[in-house]
């Protein structure tokens, strides 16, 4: 569920929060709607529900999770027999243009499709965790 992380720019800083404060947490100046360098915006939530995206590919192990060892370790092979290689083989079989073509090269596929999404997710998780510990996360511009 989207926690609604907000961002606004003020006094040469980006301020991330879940509620826009009455005063800038950096300079203590009272904020009004004309004071911002950029109007507040909601940080895009990088996660989606698979049920709302019928053409999405959701990868997860049959047992356990990606943080813990798989139980059927004898069938798992890091290079040739894992979830990722299965998905790539499936996409190649679909023969659907550029997506199938990129699925022929695991590194290219990761660079094009996986890394951008996981990077965005990682940054969002990090920011969310910061905001769970404190009311604001402040970044210099």
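The values are calculated or read from the model by the stated rules, or taken from the named source; none is laboratory data. Only a predicted model underlies this, so the values are computations on that prediction, with no experimental measurement involved. When we count neighbours, we look across all protein chains shown, and the Cβ atoms used for this are built from the backbone with ideal geometry, even at glycine.
Tabulated results
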read-out: Segment 38-68: number of residues that are surrounded by 11 or more Cβ atoms within 10 Å (Cβ to Cβ) and modelled with pLDDT under 65; value: 3
read-out: Unmet requirement for residue 87, which otherwise passes all of (1) at pLDDT below 75; (2) more than 24 Å from residue 126 (Cβ to Cβ); value: (1)
read-out: Residue within segment 96-118 that is modelled with pLDDT of 90 or more, surrounded by 14 or more Cβ atoms within 10 Å (Cβ to Cβ) and within 28 Å of residue 26 (Cβ to Cβ) present; value: no
read-out: Residue 129 vs. criteria at pLDDT 90 or above and either touching a helix residue (DSSP H, G or I) at 6+ places or on another chain (Cβ under 9 Å) or in a loop (DSSP other than H, G, I, E, B) (or both); value: no
read-out: Residue 124 in the same structural domain as residue 12 (by TED's automatic domain parsing) and under 24 Å from residue 10 (Cβ atoms); value: no
